[in-house]
1. Take the residues of the range 214-258 that are within 18 Å of the chain's Cα centre (by Cα) and in a loop (DSSP other than H, G, I, E, B): which is nearest to ligand 1 (Cβ to nearest atom)?
2. Identify, please: which residue in the range 75-113 is loosely packed, with under 13 Cβ neighbours inside 10 Å and under 18 Å from K61 (Cα atoms) and is, among those, nearest to ligand 2 (Cβ to nearest atom)?
3. Write out, first by first residue and then by second, each pair whose Cβ atoms fall under 7 Å of each other, whose residues are 6+ apart or on separate chains, and whose first residue, in the range 171-190, is at positive phi while the second is part of a loop (DSSP other than H, G, I, E, B).
4. Which fully enclosed strands (runs of 3 or more DSSP E) of the range 288-407 have 1 or more residues being over 17 Å from the mean Cα position of the chain (by Cα)?
5. Output the number of residues of the range 319-337 satisfying the condition of being surrounded by fewer than 16 Cβ atoms within 10 Å (Cβ to Cβ) and hydroxyl-bearing (S, T, Y).
6. Name the strands (runs of 3 or more DSSP E) wholly within the range 76-181 that hold at least 2 residues that are in contact with a strand residue (DSSP E or B) (Cβ under 8 Å, 6 or more places away or on another chain), away from ligand 1 (no atom under 16 Å from the Cβ) and not acidic (D, E)?
7. Quick check on the range 114-149: of everything there that is under 29 Å from the mean Cα position of the chain (by Cα) and buried (at least 18 other Cβ atoms within 10 Å of the Cβ), which residue is farthest from L174 (Cα to Cα)?
8. State all residues of the range 98-127 that are out of contact with any Leu (no Cβ under 9 Å at 6 or more places or on another chain) and of a type in the set (G, A, S); if no residue qualifies, say none.
Amino acid sequence: MNFSEINSGNVDEMLGTGPVPIASYVSEEDYRREIDTVFKRCWLIAGTEQELKKPGDWKVKRLDFANSSVVLIRDREGAVRAFHNMCSHRGNKLVSDNGYETTGGNKAGILSCRFHGWVFDAKGALVHVPLEDQFPECFSKDENGLTPIHCAVWQGFIFINLSEAEPEPLESYLGSFAGHFDGFPFSALTQSFAYHTILDTNWKVGMDAFAEAYHVATLHAGALGNLVKCGIDGVKFHGIHKSSSVYFDMKPAHTPVAEIANRYATSNLASRYHQGRLELPETINPAKLDNFAFELAICFPNMLIHVAQDTWFTHQFWPISSGRTLWEGRFYMPGIRTNSGLFAAEYTHLLARSAWLEDTGTMEDTYQAMLSGAKDRQWLMKEEVLIRHQLAVIEALAGTGGHRPVA
Ligand code: FES
Ligand SMILES: [Fe+2]
């Protein structure tokens with residue numbers, strides 16, 4: 001299937017409308033294929049420039065699916081570089097990554113191995129070896145720098161690509177997806193919060209759960225109790241990536257405090273007060289919905305990017321194994337300058353936290369039920385088309401049977 005032609009074709013004909021098989025969510029073999037052909041070849045977002053503000057700032061992130069760990073570091077000239085987190089001496093991790101990720105930095109812009117003290121600069125060169133004269137003559141610092149990983153930046157998102165061969169340039173990998181966000185002030189929204197957890201589920205179950213708004217009215221009846229109706233519109237396919245607009249019809253909030261918060265909290269997605277006066281790039285909300293809540297976009301393979309007035313937030317799913325996945329949720333708002341702003345930001349924060357708890361709460365249940373084998377297929381309604389497209393792209397790249405309609 002040629003995904004670059006999907007917008008000009010008949011989407012139902014190209015993607016199908018029938019039920020799709022569950023097998024690829026639980027198959028170890030399909031998982032291995034997805035790792036080898038998708039995660040080890042595609043560009044993946046491993047961090048943001050906000051995390052590496054100054055030269056010498058670094059971030060280490062575990063990449064369990066590849067049994068690897070990446071160091072991102074900003075060099076003195078301001079460029080962000082990526083290296084395998086492995087010392088050239090006896091292979092220790094340069095920076096311990098006991099957690100799933102760690103940040104740090106130093107003005108000298110160096111990384112020093114904690115085992116025997118070998119020192120590397122931000123360009124990956126080996127610059128100091130304690131007791132160097134005791135190594136054999138054939139040893140050369142020049143030939144023992146860090147192993148680089150392909151790295152590129154778009155809109156402040158730091159992408160890595162684990163492919164050993166030269167990958168497709170990031171610009172062409174993103175295609176029209178990149179232009180869809182032109183003019184959105186990602187870097188101006190600096191107040192943030194983040195959550196993460198490891199879930200006993202397949203990475204695709206997690207991605208699917210955030211790729212539709214069909215669940216919102218039922219699953220989020222608690223966190224978004226003032227919601228009357230919601231859905232998606234303005235779906236656009238950008239080759240292997242995609243974007244859509246989520247709309248919310250809302251009634252007044254059910255408590256006086258929530259109603260006050262909704263008036264102030266411009267980043268609050270459950271507030272009906274800000275829907276009519278949005279300042280967003282023309283490309284966002286292409287259907288020009290009056291009740292637009294936020295743009296829901298998927299940067300293939302594992303990143304959901306959402307933007308709205310005064311906010312952007314992301315969900316990302318990192319495979320650990322076929323049935324184990326790291327989820328990361330991050331939310332960004334304008335900097336807080338007033339007490340009312342602080343109140344509104346806290347309210348927005350708690351609302352998102354509650355909604356994300358509701359979202360992630362289904363993912364282990366879904367996967368466990370899939371493992372039972374009681375059903376061999378799942379049904380997708382019209383507005384679940386982003387899931388259908390995601391499965392079709394995975395199937396095309398990995399050669400798995402994720403999307404093929406069940407007979
Ligand atoms: S393993 Fe890094 S200095 Fe020895
Ligand atoms: Fe949700």
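No value in this document is a laboratory result; all are computed from the given coordinates. The model shown is predicted, which means the values in this text are computed figures rather than measured ones. Every residue, glycine as well, gets a Cβ built from its backbone with ideal geometry; the counts of neighbours run over all protein chains shown.
1. If we take residues in the range 214-258 being within 18 Å of the chain's Cα centre (by Cα) and in a loop (DSSP other than H, G, I, E, B), then I240 is nearest to ligand 1 (Cβ to nearest atom).
2. Among them, the one singled out is G99.
3. G175/G239; G183/P281
4. Here the list reads 292-299, 311-321, 324-333.
5. Matching residues across the range 319-337 total 1.
6. Once the strands (runs of 3 or more DSSP E) in the range 76-181 are filtered for at least 2 residues that are in contact with a strand residue (DSSP E or B) (Cβ under 8 Å, 6 or more places away or on another chain), away from ligand 1 (no atom under 16 Å from the Cβ) and not acidic (D, E), what remains is 80-84, 101-105, 148-154, 157-161.
7. By that ranking, first place goes to D121.
8. G99, G104, A108, G109, G117
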